[in-house]
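Q: Before I ask anything, let me first share the structure, which is written out below as structure tokens.
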Amino acid sequence: MPPNQPQSIRIGLQALDALPDGEYRVRVRGVDATGLEGRDAEWPLTLDARPEPPVLVSPAPNARISDDRPAMSWSRSHADERWRLQVSANEGFDTLIVDRRDLTEPAYASEAALPPGSYFWRVASSNPDEGTGPFSDPQLFRRPEPGPAMEAPEASPDGLALRWRSAGEGVSYQLQIATGEDFAQPLVEARLDNAGYLLRGAVPGRYLLRVRSFSADGVEGDWAPVQVITVPEPPPSFQPWWLLPLLFLL
């Protein structure tokens, strides 16, 4: 790096943990390898770290929440504690989906349905003695896409055509077909770019199938409800010999 070019250095000051909230001034100077000291730099510092934010309990970090009205909970430190909860679709909390103040219980269930997507939430504590403290670190949870709605299968000479509702452009799908309800050993395990699949050569019997979508960035959605399909016995082949008695009667 060229000499005399300004540099940005981040340092941790553990001593701040023991300081009470209040107004301070910070002074720092640089010292080069030869011991030559530079000029002081000084700036004001407002320390407002208490009360400390609560511990976010649920949803856990990066949790997948299928409920469109997710419930959130956090820790309690004092009997007279109050909380402020914020939920946003971005980590900067530029646009707030939820901003609830003076919550009296360490829990909250979303009053409005949240569409599929990624969300961040954070909580700040307050009490009569210390006022309002800083927010907790943001925590991410995801609302996955619901499983695609299945359409009625259609039989054809080529096989059984399975179709489901498209989840949009750039979305792929995972299809599983099995005979067991746990899908431990699927007969078909397919990753598809289109909202359909042709099941060929299936022996007559009962099958279970399920499908889910994957967004363009690889985030998987929920499995759709399991569907049951029955592959019937094929119709008897055409047998011309039963016409023979009629021929003899002519």
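Q: Please give the number of the condition residue 180 fails out of (1) small (Gly, Ala, Ser); (2) under 26 Å from the mean Cα position of the chain (by Cα); (3) part of a loop (DSSP other than H, G, I, E, B).
A: The failed condition is (2).
Q: Counting only residues that are closer than 15 Å to residue 106 by Cβ and touching a residue at least 60 places away in the same chain (Cβ under 8 Å), which one in region 57-91 is nearest to the chain's Cα centre (by Cα)?
A: 59
Q: Please give the number of the condition residue 124 fails out of (1) in contact with a Ser or Thr (Cβ under 8 Å, 6 or more places away or on another chain); (2) free of Cβ contacts under 8 Å to residues at least 24 places away in the same chain.
A: Every condition holds for residue 124 apart from (2).
Q: To continue, here is another question. Considering each residue of region 38-67, count those that are in contact with a Ser or Thr (Cβ under 8 Å, 6 or more places away or on another chain), assigned to a loop (DSSP other than H, G, I, E, B) and at pLDDT 85 or above, and give that number.
A: Number of matching residues: 4.
Q: Hey, any hits in region 153-163 for a residue that's more than 19 Å from residue 192 (Cα to Cα), of a type in the set (A, V, I, L, M, F, W, C) and more than 17 Å from the chain's Cα centre (by Cα)?
A: yes
Q: Based on this model, can you work out whether residue 90 counts as among the polar types (S, T, N, Q), in contact with a Leu (Cβ under 8 Å, 6 or more places away or on another chain) and under 19 Å from residue 137 (Cα atoms)? Full working, then the answer.
A: Working: among the polar types (S, T, N, Q): yes; in contact with a Leu (Cβ under 8 Å, 6 or more places away or on another chain): no; under 19 Å from residue 137 (Cα atoms): yes.
Considered against the rule, which asks whether it is among the polar types (S, T, N, Q), in contact with a Leu (Cβ under 8 Å, 6 or more places away or on another chain) and under 19 Å from residue 137 (Cα atoms), residue 90 comes out as no.
Q: So how many residues does region 183-215 have that are surrounded by fewer than 18 Cβ atoms within 10 Å (Cβ to Cβ) and in contact (Cβ under 8 Å) with a residue 60 or more places away in the chain?
A: 1
Q: Assess whether residue 201 counts as being modelled with pLDDT under 90 and within 29 Å of residue 67 (Cβ to Cβ).
A: Numbers: modelled with pLDDT under 90: yes; within 29 Å of residue 67 (Cβ to Cβ): no.
For residue 201, the condition - modelled with pLDDT under 90 and within 29 Å of residue 67 (Cβ to Cβ) - is not met.
Q: Which condition number in (1) surrounded by 13 or more Cβ atoms within 10 Å (Cβ to Cβ); (2) closer than 21 Å to residue 221 by Cβ; (3) of a type in the set (Gly, Ala, Ser) is the one that residue 124 fails?
A: Result: residue 124 passes all but (2).
Q: Then there is this: Residues in region 76-94: is at least one surrounded by 16 or more Cβ atoms within 10 Å (Cβ to Cβ), among the β-branched types (Val, Ile, Thr), at pLDDT below 95 and touching a Lys or Arg at 6+ places or on another chain (Cβ under 9 Å)?
A: No, that holds for no residue.
The values are calculated or read from the model by the stated rules, or taken from the named source; none is laboratory data. What you are looking at is a predicted structure, and each value in this text was computed from that prediction instead of being measured. All Cβ positions, even for glycine, are placed from backbone atoms using ideal geometry, and neighbour counts span all protein chains on display.
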